[in-house]
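All of the numbers you see were taken from the coordinates with simple rules; none came from a lab. Worth saying up front: this structure is predicted, and the values here are computed from it rather than measured. Cβ coordinates were reconstructed from backbone atoms using ideal geometry, including for glycine residues, and neighbour counts include every protein chain displayed.
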């Protein structure tokens with residue numbers, strides 16, 4: 001990593017210095033979408049820079065999604081990143097590039113989502129949920145420490161940070177009800193997660209090993225896997241979540257390259273008492289020291305830590321393909337709720353309120369699940385190569401009332 005400081009005012013030493021450089025798809029008023037790179041409180045117009053300085057890269061950067069860049073593979077990812085670092089550290093480029101004030105930029109869904117899989121990789125979260133729903137049984141089911149449990153989500157419901165979320169409707173049956181009823185979700189929840197964006201195509205019948213994470217995953221972003229807990233409780237047996245999850249999944253607008261997180265690598269706890277099968281084995285640090293803040297209506301109510309996770313992203317990736325399942329550029333997998341051992345590290349309101357029986361306080365009010373009008377913001381940070389702490393962006397969403405049926409008056 002270069003030690004040459006950036007010439008961009010206010011960026012050096014901050015959370016968006018040149019050791020970070022996340023990508024987004026941006027527009028300004030009256031312009032077409034293209035790739036931007038955040039530096040400080042501005043965005044480098046990478047699409048314009050490619051048109052003017054590297055025309056051969058314009059088809060990768062002057063476009064409305066990261067997929068063309070991701071499809072080129074790690075060699076080109078590294079070349080583009082090195083070029084961006086040079087543009088932002090060599091003062092000779094100051095007059096050759098355009099910086100856009102973040103206030104003037106609109107961010108869009110950063111990549112075309114091919115498939116989406118959500119995991120359940122936190123032992124603390126899985127244990128808490130098991131104790132809430134199975135108080136007289138085992139908190140963890142027998143398979144949990146042998147494989148990363150996950151479900152296949154709905155790619156078409158992945159939305160960019162800042163998108164309003166309508167309260168979902170569906171079947172739900174309360175504990176005192178004999179039959180289900182239909183209506184708006186009564187127990188709407190969040191799940192603070194970390195997501196991984198795949199930049200590689202792997203055909204059916206092949207597998208990806210744990211050592212191939214860096215050559216397969218382009219970058220990371222925050223995730224809020226909104227969850228309708230009452231709908232989920234009624235539908236999930238025996239096949240798992242469906243409508244309780246498919247109405248919306250929010251992701252960050254900025255994708256931090258995986259290579260930027262090398263300084264954040266840490267050993268994950270666990271896996272020392274229950275050996276994993278060979279295809280899930282790893283060498284060296286396999287986790288990331290990513291901190292999350294969960295904010296409800298302006299009050300931070302939780303601080304989950306990704307370093308407490310049980311299953312690593314490389315293990316999730318290996319398990320995703322061990323059956324010969326294919327990968328496509330734009331595939332996306334998420335960690336599942338990030339929860340630590342302490343109450344203030346719980347990454348869902350289900351856990352924070354212990355199933356709604358122990359309200360937590362936000363803004364001076366006792367809360368359990370989400371009300372219409374609530375706004376949730378997840379913020380992420382990690383150690384950077386320059387010694388400071390990098391910002392990994394935010395995931396923001398506001399709850400709107402249930403939308404009326406299409407065509408209704």
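Using the alpha-carbon atoms, what tilt in degrees (0 to 90, nearest 10) does helix 74-89 show relative to the longest principal axis of the chain?
Once rounded, the angle reads 60 degrees.
Can you sort 276, 292, 237, 197 from fewest to most other Cβ atoms within 10 Å of each residue's own Cβ?
237, 276, 292, 197
Can you give me the relative contact order of the range 23-108 as a percent, contacts being Cα pairs under 8 Å and 6 or more apart?
36
Can you give me the distance in nm between label points at residue 71 and residue 365, each placed 7 Å from the Cα along the Cα-to-Cβ direction?
Each label point is offset 7 Å from its Cα along the Cβ direction, giving 4.7 nm.
Among 307, 389, which comes first, then next, by fewest other beta-carbon atoms within 10 Å?
If I rank by nearby Cβ atoms, fewest first, I get 389, 307.
Return the FRET efficiency for the residue pair residue 277, residue 163: r is the Cβ-Cβ distance, R0 is 41 Å, and the value is rounded to the nearest 0.05.
0.55
Roughly how far apart, in whole Å, are the Cα centres of the range 46-93 and the range 1-33?
With the range 46-93 and the range 1-33 each reduced to a Cα centre, they are spaced 13 Å.
Just subtract the alpha-carbon distance of residue 3 and residue 29 from 0.36 nm times their residue separation and send over the number in nm, one decimal.
5.8 nm
How far apart, in nm, are two points set 7 Å out from the Cα along the Cα-to-Cβ line at residue 344 and at residue 181?
3.9
Gain in length, residue 402 to residue 82, computed as 0.36 nm per residue apart minus the alpha-carbon separation, to one decimal in nm?
Full extension from residue 402 to residue 82 adds 110.6 nm.
Averaging sequence separations of C-alpha pairs under 8 Å and six or more residues apart, then dividing by the length of the chain, give the relative contact order as a whole percent.
21
Quick check on the exposure proxy: order 188, 46, 99 from fewest to most C-beta atoms within 10 angstrom.
In order of increasing Cβ crowding within 10 Å: 99, 188, 46.
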